Amino acid sequence: MVERNIIIAKAGGTAGKNSVNYKISLPADMVKEMGVTPDDKCVTVSYKDGKIIIEKKKNA
């Protein structure tokens, strides 16, 4: 387990007046272990039972 802070910033462009972005950095070794590469970087994100789950997207 790794602790991280969530980065909260105002959204730019044509976003609404009170819009914000939420970002978090992921440890490189965890992302590599998932099999994410610059050429194959698609993941799915879901929220279940109070947990955010990031998974490598399975090829069709």
**Study point:** Considering residues of the stretch 44-60 that are assigned to a strand (DSSP E or B) and hydrophobic (A, V, I, L, M, F, W, C) only, the residue surrounded by the most Cβ atoms within 10 Å (Cβ to Cβ)
**Key:** Ile54
Exercise for review: Pairs only if they're at least six apart or on different chains, beta carbon under 7 angstrom, first in the stretch 41-56 and more than 19 Å from Ala28 (Cβ to Cβ), second of a type in the set (Asp, Glu) and outside any loop (DSSP other than H, G, I, E, B); list them, first residue then second.
Suggested key: Thr44/Glu55
Practice item. Could you list, in sequence order, all residues of the stretch 11-39 that are among the charged types (D, E, K, R) and either exposed (fewer than 10 other Cβ atoms within 10 Å of the Cβ) or touching a strand residue (DSSP E or B) at 6+ places or on another chain (Cβ under 8 Å) (or both)? Key: Lys17, Lys23, Asp29, Asp39
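Where a number appears in this text, it was derived from the coordinates with a stated rule and is not lab data. The structure displayed is predicted, hence computed values, not measured ones. Glycine also receives a Cβ, built like all others from the backbone with ideal geometry; neighbour counts cover every protein chain displayed.
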